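The values are calculated or read from the model by the stated rules, or taken from the named source; none is laboratory data. Predicted model, so just to flag it, every value in this text is computed and none were measured. For the accessible areas, the whole protein counts, side chains as well, though only heavy atoms, and no ligand, DNA or RNA atoms are used. Shrake-Rupley method; radii C 1.70, N 1.55, O 1.52, S 1.80 Å.
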Amino acid sequence: MKNLLVGLVALALVACGQNEESKPAGPQFSAGGPQVGKEYVFAIHPLHNPVRLFEIYGPIIDYLNRNIPDARFRLEASRNYEEFDKKLYGRELDFALPNPYQTLNSLKHGYYVIAKMGDDYKFTGILLVRRDSGIKEVTDLKGKKVSYPARTALAATMMPQYFLHTHGVDINRDIENLYVGSQESSIMNVYLGNVAAGATWPLPWEAFQKEHPDMARDLELKWETEPLINNGVVAKDDVPPALAQRVAQLLDTLHTTAEGRAILARMPLSRFELADDNRYRVIEDFLRTFNKEVRPLDELQR
């Protein structure tokens with residue numbers, strides 16, 4: 001009996017030791033807090049080429065890392081829209097800043113909206129031409145080439161294509177559409193004379209004018225579309241809710257500090273603001289019309 005009791009005590013001590021060893025070291029968080037040691041990937045859709053994107057959006061990630069010490073964020077760029085779409089719709093990203101079309105599509109893949117870029121009035125599509133091109137009317141583009149960043153760019157592709165459609169140009173028959181991979185490439189194709197017109201949106205054009213004033217002087221903003229809602233910020237549904245809320249709050253208050261205003265000025269943007277899924281329902285009518293009248297959108301067919 002004595003030996004049996006000793007054996008039972010020994011087994012109990014071993015079990016206690018195993019239980020203690022199985023407890024993770026370090027601070028523990030509730031289900032709403034960040035996971036210890038996890039890196040959260042924050043991706044920006046291809047607003048710029050990867051080098052410039054890191055220059056502009058890297059400070060935001062640094063800001064989040066300083067203000068949420070229990071989590072670690074990593075900025076991720078994509079070479080083109082196709083690569084970004086694959087990551088987003090494949091749920092490879094924890095946080096993302098997609099364009100409104102991608103934002104709406106992401107809701108089908110387990111993401112939800114936590115914030116958005118402000119300045120909706122800036123979310124327009126623009127068409128640039130060379131000043132020496134001789135192009136006066138929209139219909140002067142017939143028989144010529146037009147460049148765009150990507151098929152899924154909303155402001156810089158779909159909105160300009162809808163503008164052309166409503167101003168007498170059948171984009172499927174009257175012009176040759178070139179999807180050149182980035183905003184900067186679309187602008188440069190106009191400057192180099194590879195295309196008669198290039199589509200982009202105001203923020204890359206403003207940046208190009210500041211960085212390349214000599215080249216920009218040879219270009220002219222010829223047409224601008226009506227605005228739609230600006231880019232969204234989404235979180236994946238398995239990100240701890242408290243962490244997603246903290247990220248949204250930090251973005252929403254970025255404009256209230258000198259450091260934050262300096263970060264925003266690089267974009268340039270006046271502020272981020274809180275938002276939810278319902279804010280992005282406003283573009284559904286545009287997308288349905290575009291899909292029916294201009295060209296089919298693959299995501300709307302799924």
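Of all the options SER133, SER182, SER106, the one that moves most in a Gaussian network model of the chain with Cα springs shorter than 10 angstrom is SER133. Remark on ASN194: its backbone amide H falls under 5 Å from none of the residues 5 or more positions apart or on other chains, H modelled at 1.01 Å from N. Protein heavy-atom surface of region 143-187, 1.4 angstrom probe: 46% of the accessible area is carbon and sulfur, with nucleic acids and ligands not counted.
Compute the Cα gyration tensor for region 145-302, then decide on rounded, prolate or oblate, letting a ≥ b ≥ c be the square roots of its eigenvalues: rounded whenever a/c is under 1.5, prolate when a/b is larger than b/c in the other cases, and oblate in all that remain.
oblate
Derived scalar couplings between HN and Hα for region 272-281 equal 9, 8, 5, 7, 9, 4, 4, 4, 9, 5 Hz in order, rounded to whole Hz, by the Karplus curve 6.51 cos²θ - 1.76 cosθ + 1.60 (θ = phi - 60°), x for Gly and Pro. Report summary: the helix-based calculation at 222 nm, which adds -39500 (n - 2.57) for every DSSP H run with n ≥ 4 and divides by the residues of the chain, gives -11500 deg cm²/dmol. With a 1.4 Å probe and every protein chain kept in, tell me what percent of the accessible surface of region 200-302 is carbon plus sulfur. Within region 200-302, the accessible surface is 47 percent carbon and sulfur.
Determine the gain in length on full extension of the stretch ASP174-ASP237; use 0.36 nm per residue of separation and subtract their C-alpha separation, reporting nm with one decimal.
Length difference between fully extended and current span is 18.3 nm.
Among MET117, MET215, MET158, which one shows the biggest mean-square fluctuation in a GNM of the chain, springs joining Cα atoms closer than 10 Å? Residue with maximal mean-square fluctuation among MET117, MET215, MET158: MET215. Cross-link partners for LYS142 among the lysines, with Cα-Cα distance under 18 Å and sequence neighbours closer than 8 places in the same chain left out: LYS222. Summed over the residues of the chain and divided among them, the accessible surface reaches 48 Å² per residue at a probe radius of 1.4 Å. For region 177-193, backbone phi angles converted through the Karplus equation (6.51, -1.76, 1.60; θ = phi - 60°) give residue-by-residue couplings of 9, 10, 9, 9, x, 7, 4, 4, 5, 4, 5, 5, 4, 5, 4, 7, x Hz, Gly and Pro being listed as x. Largest mean-square fluctuation among TYR57, TYR121, TYR162, in a Gaussian network model of the chain whose springs join Cα atoms under 10 Å apart, belongs to TYR121. Pairs from the table (LYS144/LYS292; LYS145/LYS292; LYS108/LYS136) lying more than 31 angstrom apart at Cα are LYS108/LYS136.
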